[in-house]
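Here the structure is laid out as structure tokens; the discussion comes afterwards.
The values are calculated or read from the model by the stated rules, or taken from the named source; none is laboratory data. What you see is a predicted model, and the numbers here were worked out from it, not measured in a lab. Ideal geometry is used to build each Cβ from the backbone, glycine not excepted, and the neighbour counts take in all protein chains shown.
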Amino acid sequence: MGIRRQIKIDNQSISLGRLLTEIIERPEIITRKRFIEMYTNSVSKRHADSDFDQFAGKGSSHVDPNIIEKDLIRLRTNGKKFEDYADKKLAPKPEKSDQRDSR
């Protein structure tokens, strides 16, 4: 059930899907500068630029919405498999009617 919650993107949901949607809509909010600042005093500081490149492309100043959109599509595609499984296997089954003669 937790995975199903994470793919929702409506305004009432707090989910990974909604976060990715908001990043796609306003990619300029997540900048290279702010991302690298998170590595301050970290032993991994030398990897900050290359880590950001995964989301922005080499040298870009902010995340690339196209990269994030691909992540959202993957989340929804793979999440749909879990949703379908849950609908088939975990959903309550209709009760069988009592076939006995009630005299």
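Across region 1-52, the qualifying residues are those that are basic (Lys, Arg) and within 28 Å of ASN78 (Cα to Cα), and the one among them that is modelled with the lowest pLDDT is ARG4.
Annotation note: Cβ proximity below 9 Å between a residue of region 22-42 that is within 21 Å of GLN12 (Cα to Cα) and in contact (Cβ under 8 Å) with a residue 24 or more places away in the chain and a residue that is of a type in the set (S, T, N, Q) and in a helix (DSSP H, G or I) (sequence gap 6+ or interchain) occurs for ILE24/ASN66.
Checking ILE68 against (1) closer than 30 Å to PHE82 by Cα; (2) free of Cβ contacts under 8 Å to residues at least 40 places away in the same chain; (3) not in a loop (DSSP other than H, G, I, E, B): exactly one of these is not met. Which one? Exception for ILE68: condition (2).
Condition test on GLU22, is it over 16 Å from the mean Cα position of the chain (by Cα) and acidic (Asp, Glu)? Walk me through how you get there before you give the answer.
On the way: over 16 Å from the mean Cα position of the chain (by Cα): no; acidic (Asp, Glu): yes.
The answer is no for GLU22.
Scanning region 43-65 for residues that are farther than 16 Å from GLU25 by Cβ, in a loop (DSSP other than H, G, I, E, B) and of a type in the set (A, V, I, L, M) gives a single hit, VAL43.
Does ASP87 fit the bill of being modelled with pLDDT under 90, surrounded by fewer than 12 Cβ atoms within 10 Å (Cβ to Cβ) and in a helix (DSSP H, G or I)?
Numbers: modelled with pLDDT under 90: yes; surrounded by fewer than 12 Cβ atoms within 10 Å (Cβ to Cβ): yes; in a helix (DSSP H, G or I): yes.
Yes.
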